[in-house]
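J.: Next up is a structure, given as structure tokens.
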Amino acid sequence: SVQDFSKAMSQAGSSQFQEVIRQELEYSMKVELDKILATAHSNEIEHTKKDLEGFKKLFHRFLQEKGPSVDWGKIQRPPEDSIQPYEKIKARGLPDNIASVLNKLVVVKLNGGLGTSMGCKGPKSLIGVRNENTFLDLTVQQIEHLNKSYNTDVPLVLMNSFNTDDDTKKILQKYSHSRVKIYTFNQSRYPRINKETLLPIAKDVSYSGENTECWYPPGHGDIYASFYNSGLLDNLIAEGKEYIFVSNIDNLGATVDLYILNHLMNPPNGKRCEFVMEVTNKTRADVKGGTLTQYENKLRLVEIAQVPKAHVDEFKSVSKFKIFNTNNLWIALSAIKRLQEKNAIDMEIIVNPKTLDGGLNVIQLETAVGAAIKSFENSLGINVPRSRFLPVKTTSDLLLVMSNLYSLNAGSLTMSEKREFPTVPLVKLGSSFTKVQDYLRRFESIPDMLELDHLTVSGDVTFGKNVSLKGTVIIIANHGDRIDIPAGALLENKIVSGNLRILDH
């Protein structure tokens, strides 16, 4: 009928129209990026060009994609054998020649982040975590301990961003005599886009002074391209390295695990995995973490941002999706090289909206390293103990790792044997504790927390020396009031409120 025909025409018209708009946006973007590139000095043209090429690809895909990137109906639970329990992998034991296996490994730490969320300037990895040791110190100590114990040469590679590179390189001199070779490479530097015009806000290539807000590092999914482009990937392959173990530098649980490494190098069925993702069981605190699913016959990481609104509650449910991604990943170097050369690494785009200090709304396009799992052959999830996931994102996390709940041995934190429950207490420190320097000022010494289950602190509260906290402790200073917990106090199942009355919980 005429109506059907005109309806079909208008639909065709709208998709054609969208295509024209897409092409115009892409053309305008290209013009702007060429202008930016023209401002580069001769010594920065090469890598700026690479960065902007990578950005153009990402922008092209951003314009093509519509809405959440997963079709919810296709999501299935992963098949039984695609996520192995860690116990099963550990039960295989270790071969005699563990040193030769270790010599095939490279440890990569994602070191692009700043300590801003914890009120610190500079790289997050330089925040003191335990007895004056920073995240970076602990990482170097762990690998040095491995190399000494097994007489091996496991190198450390730091993926920096333009935000962290200078400060990190300055500090690396302090490890020049340690038994760890340390390499760095930089994440790409991409231009932030004006949300309204979809054009870059940068006018030239510089990223200092007032231009710092014009650029961003595009998420850790950028590791594949930037590792490859840096030339370091090829050098390590030439040295006989076969696997990288990648993790966030602020995850203190992400130490080299010999059982997982052995499983990769000597697979029980003779077929090597190109990609292993460590997952762990969700608790109430982890409902937003990305989860592994089966999707079109491949393991696939699904993040909350990709889930259609109607299914978010189902995604968060602990019963249907029991595990989440720790971002501890083991990846074959040869596979990265092959896929990077074929431009075959497919990662969903994360659109991250930001509002700049002046009120301008921008978006930055990012990708996540784990999302590439579906591009690799023979991928595997390993369900590891919670102890391998110990991220320090807030001062509440910092309090846990500084306390006597953990003991430090050769750069590795392990939960104290004196703690009867294997679970970590739930700690919520209020906004007076958000910044590291405020937090440190409020504790004369870190309380004894061996028997703590739950701690909530709100308002202007300080702790004297040698305080003990047990069971559930809630301390709430009302607005304008201040509570000082006296030195040597023992609080067991107590609620302490505005005027320092200590009540039984």
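J.: Determine, from the Cβ-Cβ distance of T394 and E87 and an R0 of 25 Å, the FRET efficiency 1/(1 + (r/R0)^6), rounded to the nearest 0.05.
T.: Using R0 = 25 Å, I get an efficiency of 0.20.
J.: D357: accessible area at probe 1.4 Å, nearest 10 Å²?
T.: In the full protein context, D357 sits at about 150 Å².
J.: Also, quick follow-up: Relative contact order of the chain: what whole-number percent is it, with Cα pairs under 8 angstrom and at least 6 residues apart?
T.: The normalised contact order for the chain reaches 15 percent.
J.: Something else about it: Rolling a 1.4 Å sphere over the protein heavy atoms, what is the accessible area per residue of region 395-497, to the nearest Å²?
T.: Per-residue value: 49 Å².
J.: Quick one: of the DSSP bridges fully inside the chain, what percent are antiparallel, nearest 5?
T.: Here the share of antiparallel DSSP bridges comes out near 45 percent.
J.: I would also like to ask the following. Report the semi-axes of the equivalent ellipsoid for region 408-505 in whole Å, largest first, where each axis is √(5λ) for an eigenvalue λ of the Cα gyration tensor.
T.: Ellipsoid half-lengths, sorted descending, are 23, 16, 12 Å.
J.: Compute, for C273, the solvent-accessible surface of its heavy atoms (probe 1.4 Å) with the complete set of protein chains present, and express it in square angstrom to the nearest 10.
T.: My reading of the accessible area for C273 is about 20 Å².
J.: At 0.36 nm per residue, and after removing the present C-alpha to C-alpha distance, how many nm does the segment from N361 to D204 gain when stretched out fully?
T.: Roughly 54.6 nm would be gained on extension.
J.: What is the extension gain from F17 to T39, computed as 0.36 nm multiplied by their sequence separation minus the C-alpha to C-alpha distance, in nm to one decimal?
T.: 4.5 nm
J.: Using alpha carbons only, how many angstrom separate the centre of region 331-345 from the centre of region 259-283?
T.: About 18 Å separates the Cα centre of region 331-345 from the one of region 259-283.
J.: Any idea of K322's accessible area? Nearest 10 Å², probe 1.4 Å.
T.: Approximately 110 Å² for this residue.
J.: Additional query: Just to be sure I understand the model, the point goes 7 Å from the Cα along the line to the Cβ. What's the resulting N266 to I476 distance in nm?
T.: Result: 5.8 nm between the two label points.
J.: Hey, another quick one. What are the ³J(HN,Hα) values, in whole Hz, obtained from phi via the Karplus relation 6.51 cos²θ - 1.76 cosθ + 1.60 with θ = phi - 60°, for each residue of region 99-111 in sequence order, with x given for Gly and Pro?
T.: 4, 5, 6, 4, 5, 8, 9, 10, 9, 10, 10, 7, 10
J.: Expressed as a whole percent, how much of the Cα-Cα distance distribution for the chain exceeds 31 Å?
T.: 52 percent
J.: A further question on this structure: If a paramagnetic tag sat 7 Å from the Cα of T197 along the Cα-Cβ line, which residues of region 42-64 would have the backbone N under 16 Å from that point?
T.: none
J.: For region 42-168, report the convex hull volume of the alpha-carbon atoms normalised per residue, in Å³, without decimals.
T.: In region 42-168, the Cα hull volume divided by residue count equals 239 Å³.
J.: Still on this structure, please answer the following. Mind checking the full-extension length gain between D234 and N409? Use 0.36 nm per residue of separation minus the Cα-Cα distance, one decimal, nm.
T.: 59.6 nm
J.: Then there's this: Under 5 Å between amide hydrogens, which residues at least 5 positions from T184 or on another chain qualify, with H placed 1.01 Å from N in the peptide plane?
T.: Here L158 satisfy the definition.
J.: Additional query: Between K170 and T212, what FRET efficiency follows from the Cβ-Cβ distance if R0 is 22 Å, with the result rounded to 0.05?
T.: 0.75
J.: Assuming R0 = 22 Å, what is the FRET efficiency of A305 and R61, from their Cβ-Cβ distance, to the nearest 0.05?
T.: That pair, A305 with R61, gives E of 0.90.
J.: Within the chain, what whole-number % of the accessible surface is contributed by carbon and sulfur, with the 1.4 Å probe and all protein chains included in the calculation?
T.: 51 percent
The values are calculated or read from the model by the stated rules, or taken from the named source; none is laboratory data. In this text the structure is predicted, and so the values were computed from the model without any measurement. Positions of Cβ are generated from backbone atoms using ideal geometry, with glycine treated the same way; all protein chains shown enter the neighbour counts. Quick note on the areas: whole protein, heavy atoms, side chains included, nothing else; ligands and nucleic acids left out. Shrake-Rupley method; radii C 1.70, N 1.55, O 1.52, S 1.80 Å.
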